Structures are given as structure tokens and as C-alpha cells.
1. If each residue of separation counts as 0.36 nm, what is the full-extension length gain between residue 33 and residue 55 once their alpha-carbon separation is subtracted?
2. Stretch residue 98-residue 44 to full length: gain in nm at 0.36 nm per residue minus the Cα-Cα span?
3. Relative to the longest principal axis of the chain, what angle (0 to 90°, nearest 10) does the C-alpha long axis of helix 27-49 take?
4. Using helices alone, I'd like the mean residue ellipticity at 222 nm for the chain: each DSSP H run of four-plus residues gives -39500 (n - 2.57), total over residue count, nearest 500.
5. Say each of residue 10 and residue 165 gets a label point 7 Å from the Cα, pointing the same way as Cα to Cβ; how far apart are those two points in nm?
6. Mind giving me the FRET efficiency for residue 65 and residue 119? R0 is 45 Å, r the Cβ-Cβ distance, nearest 0.05 is fine.
7. Once each part is reduced to its C-alpha centroid, what is the distance from region 92-166 to region 14-83 in angstrom?
8. Helix 103-119 against the longest principal axis of the chain: what's the angle in degrees, Cα atoms only, rounded to the nearest 10?
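No value in this document is a laboratory result; all are computed from the given coordinates. Since we're looking at a predicted model, the values are computed, not measured. Virtual Cβ from ideal backbone geometry, glycine too; neighbours counted across all protein chains shown.
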């Protein structure tokens, strides 16, 4: 399966340019912060899935909450991709996680791949993280339309936050 994220990348670059200008920063100045932000958002996603909370009987957060956390991560991974000069691609492969894998293993896989970006933000490392992160969306039960709607909703919120000096 492939997803066309070209419009997402265009919109993300516009948002990033607006933020960069407002805060007088560049991608080069903030790449480590963007990677850390992605990892934090991935952690928040893990927390909402509750898949690692073996000590609790409480189930995952409602699907819209999980989607919102996923979309937060999507914003940052796309921002990293723009820095990596990856944004001008067409359809992107969606990694197909083995359905026998626990969700915890899938999340750890994405986390592990993302840590490779700390040492070297290159197109190959980035592609691995992105394709696995997209695969994670499928594993969480989201489709392309869910991602598009969620991204557009969060994009509007992010612009509003910038207007309000968030």
C-alpha cells in the first residue's frame, strides 16, 4: 500500500516556514529539537494506546484521541523530512507490520528507527522511519482519509496557536 503525502508536505513546509520566520530559526538550528519532538509525540501516542501498561486493566483512549497523538507525530516526522530534502516524493510505501507482532513491538520499532536520525538525518534513515510510522497508522486502525482529515484539523489548530503566541 502507498500513500500520497505530497499535499501534506506542501502544507507542512508552509507551516514550518511561518514558524521559522516568526521565531527566527532554521531547520538546521532546530533539527535535534524536531527529532526530540517526534520522539516525545511517539511517547504520547504510546501512552494513549496503553499497550505497554501490563499492570492496568484500563483500555486504550478513544480512537479520536489516539489519532490526534498520531497526527502530532506526523507533523514532526514530515518536518524532519523537509529538512532531509525528502518532501518531493510521490506515493510512499506503508510498511506492513506482521499482524502477529504486539503493538508494543511496532511502536518500539518506530522508536528505534527514529533514534537513528539523531546521528544521521539522511534520506535512507528518514524513509525507514516514515514508512514504519505510516505502517503504525494502519496497525492502529487508521486509513488515509483518517490521516488527511486529522492532519488538516491539526494544521488549522497549529496556525491558530501560532497566531495566539502559543
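1. Here the answer is 4.7 nm.
2. Stretched out fully, the residue 98 to residue 44 stretch lengthens by 17.1 nm.
3. That works out to roughly 30 degrees.
4. Rounded to the nearest 500, it is -24000 deg cm²/dmol.
5. Rounded to a tenth, the inter-label distance reads 3.4 nm.
6. Numbers: r = 33 Å, r/R0 = 0.72.
FRET efficiency, residue 65 to residue 119: 0.90.
7. That distance is 8 Å.
8. On a 0 to 90 degree scale, this one is about 30.
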